[in-house]
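Down below is the structure, laid out as structure tokens.
The values are calculated or read from the model by the stated rules, or taken from the named source; none is laboratory data. Everything numeric in this text was worked out from a predicted model, so none of it was measured. Using ideal geometry, Cβ is built from the backbone for each residue, glycine included, and neighbour counts are taken over all protein chains shown. Surface areas here come from the heavy atoms of the whole protein model, side chains and all, with no ligands, DNA or RNA. Shrake-Rupley method; radii C 1.70, N 1.55, O 1.52, S 1.80 Å.
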Amino acid sequence: HRFSTGEPVIERYQRDDAEFDRAIAFIDATFAVALTLLVTTLDIRTDPESWSSLGDFYDAGGSQLVSFGVSFVIIAGYWLAHFRLFASFVAVDIRVIVGNLVLLAAIVILPFTTEYAGDPAINYLPLPIAVVSVNIALVSGAFTVVYVMARRRGLLRSTPSTRDFTVNVLAMLVPGIVFLASVPIAYV
């Protein structure tokens, strides 16, 4: 790969390179936007009866608030896990950046899938729960792929042993597996 200047394209960026910082800033900002967009999933009726008691308030928007809370914890949890993962990187390369873009695609769609899983008009239907569960499984899978790619490409400060790597991969996949297991339950 060459730019028109004839200079080779640098595929790997060390921790002290500006490009490393740009990648992290973009990823962090995207997580922050996804967290912020979760508030748009809340649409609690403004009629006075919805606000007359805690029970009425819960009836009007409780499922939305629960869905918001679950999604907030998931996005914030993955940001924290990603923060910890990137803290162990000595460098980043284009392939891992692309892997992160796939992860971010799964993260930024969560506010949309959350909205319908918490919508009181349809939250009794199994499909909204199935869609958000598959979405979370995609986040789990994409996060795991970023970790696997980083290890294989020598981007981690220290390479985990085969045993530690296997344990880490399994731990990263558990949330996705749990949410996928909830899909058949939603249909029962």
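From most to least packed by mean Cβ count within 10 Å, the peptides 40-49, 108-117 give 108-117, 40-49.
I want to verify a result. In a Gaussian network model of the chain, Cα cutoff 10 Å, which of these has the top mean-square fluctuation: 173, 85, 35? The residue that fluctuates most here is 85. Near residue 87, within a Cβ-to-Cβ distance under 11 Å, what is the net charge of the other residues, with Lys and Arg +1 and Asp and Glu -1? Spelling it out: positives minus negatives among the neighbours equals +3. Helices of the chain meeting both criteria, an alpha-carbon length of 30 angstrom or more along the long axis and an average Kyte-Doolittle score not below 1.0, with helices taken as full DSSP H segments, are 126-152, 162-187. Using the Cβ-Cβ distance between residue 57 and residue 186 with R0 = 22 Å, the FRET efficiency computed as 1/(1 + (r/R0)^6) comes to roughly 0.30.
Measuring max minus min along each principal axis, the C-alpha atoms of region 26-171 give extents of 59, 27, 22 Å (largest first). Counting 0.36 nm for each residue step from residue 169 to residue 70 and taking away their Cα separation leaves a gain of 33.4 nm. Using the Cβ of residue 29 as centre and a radius below 14 Å, the other residues enclosed give a net charge of -1, where K and R count +1 and D and E count -1.
For the chain, relative contact order (Cα pairs under 8 Å, six or more residues apart, normalised by length) works out to 24 percent. For the chain, the solvent-accessible area with a 1.4 angstrom probe is 57 square angstrom per residue. The mean of 1/r over all distinct Cα pairs in region 105-188, once inverted, gives the Kirkwood hydrodynamic radius of 14.1 Å.
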